[in-house]
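Okay, so here's the structure we're looking at.
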Amino acid sequence: FQTEMLSLCNNHVKEGFIGDRLGVLDPSRWSEATEWLLQGHSADPLFGWDKTGLWEPPKNLLAGNEIGRIILERAKNSAVKFTKKYGRKPSLAVITVGDLSRYEHANRRVQLYSNPSNSWFTKTDTGAANGFDVTEIHFDASTTTTEDILSEIYKIRDKVDGIQAMWPFPEHVDSARIFNAIPVPKDVDGIHFVGQRELGNEDVYPPVTPAAAMELIKEYKVDIKGKHAVVVGRSPIVGSPLAYMLRQAGAAVTIVHTDVDKETLKELVGQADILVSCAGSPGALQAEWLKDGVGVINVGTTFSESQDCLLPDIEGDVASKASRYSPVPGGVGPLSSPILFRNVAQAAWDQMEGNGEVSATWDKEPAYIR
């Protein structure tokens, strides 16, 4: 019992991980708790809140924990409403082929920074804790063929609301055929996003990690219109769609990658008004390259076993150069899983009731998601 209670307390404290501080409470969350305790009695909703700022994290942090908590809570409420109406939970199938390198230290990352009810690395547990049915399907990389994966997708795609195929696949697997087999209405990780948007489909679901970065930008009102945004990274699931999203939001976008020679990379990074790093390579960029006042979104992260911590792409003192920046950990990462389940909830409603009727069904408290 004591071990279980200690684990629960630790999980609660980790939810408030912001910058270099653990257990940070958001003022809005404090106000909600105070109003609940007051039961209608009049008082300052921030009664008891430390207003000196002594324990607050730096003002220029773009922290994602509280935003992620709210998104996941809304997704959970929507899932509960869906289950009451249709007698089943919104459902997600996750397909993985082989052991992904970024999952190598998944258990340790959950121990340090997250908990099983909201982590990207524990989707089955996260789904169960928030009202979703999640099926994780794992194929052996050495023996699985493209046809094996396609057969599984054809078997399940009419039985679930959302499908997420985890990139990358082994070289012998035809990625294009796999992704094309996922119907657009069930594509909850947005592999079809850019192509569908270019065709005029505004209802396609966004890829989760780029959407997380854009959520930070939106929630903290980072001005990107007319600014020069440099995206370091070009993967089809992060860098490329994120560059597209930034362009659609009005930024002038340059895409660069770590295959570019160091001097060119340094020059382009130094020109950025907004730098979004998606390389997944610690030390690929240096903080001293940044121009003063830049906004920095750290997307690419790597777990260091020797240092027992998560490392960003940018090495050095980012805070001394950036006007605003997302921390590692605690920036984009806490938003990824909530946005995935937000997409799943939305996909479930869309498929059951049709796009034209969704807002009339769930665009109400407490289940507002869009």
**Asked** For the subset of segment 321-370 comprising residues that are among the hydrophobic types (A, V, I, L, M, F, W, C) and open to solvent by 60 Å² or more (accessible area, probe 1.4 Å), which member is modelled with the lowest pLDDT?
**Response** ALA360
**Members of segment 187-243 found to be part of a helix (DSSP H, G or I), touching a residue at least 40 places away in the same chain (Cβ under 8 Å), over 25 Å from ILE70 (Cβ atoms) and of a type in the set (D, E, K, R), listed by number** = ARG197
**Message:** Which pairs turn up if I take residues in segment 259-279 that are without any contact (Cβ under 8 Å) to a residue 24 or more places away in the chain and look for partners that are in a strand (DSSP E or B) and surrounded by fewer than 18 Cβ atoms within 10 Å (Cβ to Cβ) with beta carbon separation below 9 Å, at least 6 apart in sequence or on another chain?
**Reply:** LYS266/GLN286
**Fill in**
Taking segment 220-234 and keeping only residues that are surrounded by fewer than 19 Cβ atoms within 10 Å (Cβ to Cβ) and under 21 Å from MET166 (Cα atoms), one is left with ARG234
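Identify all residues within segment 104-135 that are among the hydrophobic types (A, V, I, L, M, F, W, C), touching a residue at least 60 places away in the same chain (Cβ under 8 Å) and within 16 Å of LEU8 (Cα to Cα); write none if there are none. Can you show your working first?
Going through segment 104-135, the residues among the hydrophobic types (A, V, I, L, M, F, W, C) turn out to be 106, 110, 112, 120-121, 128-129, 132, 134.
Okay, now just the ones that are also touching a residue at least 60 places away in the same chain (Cβ under 8 Å), so 112, 120, 132.
Answer for segment 104-135, where residues must be among the hydrophobic types (A, V, I, L, M, F, W, C), touching a residue at least 60 places away in the same chain (Cβ under 8 Å) and within 16 Å of LEU8 (Cα to Cα): just LEU112.
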**Asked** Given VAL173, VAL184, VAL204, which one is open to solvent by less than 20 Å² (accessible area, probe 1.4 Å), β-branched (Val, Ile, Thr) and touching a His at 6+ places or on another chain (Cβ under 7 Å)?
**Response** VAL204
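Okay, residues lined up against (1) over 28 Å from LEU311 (Cα atoms); (2) touching a Pro at 6+ places or on another chain (Cβ under 7 Å); (3) of a type outside the set (S, T, N, Q); (4) part of a loop (DSSP other than H, G, I, E, B):
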| site | (1), (2), (3), (4) |
| --- | --- |
| LEU112 | no, no, yes, no |
| ILE137 | yes, no, yes, no |
| PHE169 | no, no, yes, yes |
| PHE179 | yes, no, yes, no |
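The values are calculated or read from the model by the stated rules, or taken from the named source; none is laboratory data. These figures come from a predicted structure and were not determined experimentally. FYI the Cβ positions are ideal-geometry reconstructions off the backbone, even for glycines, and counts take in every protein chain you see. The accessibility values were calculated without ligands, DNA or RNA, using every heavy atom of the protein model including side chains. Shrake-Rupley method; radii C 1.70, N 1.55, O 1.52, S 1.80 Å.
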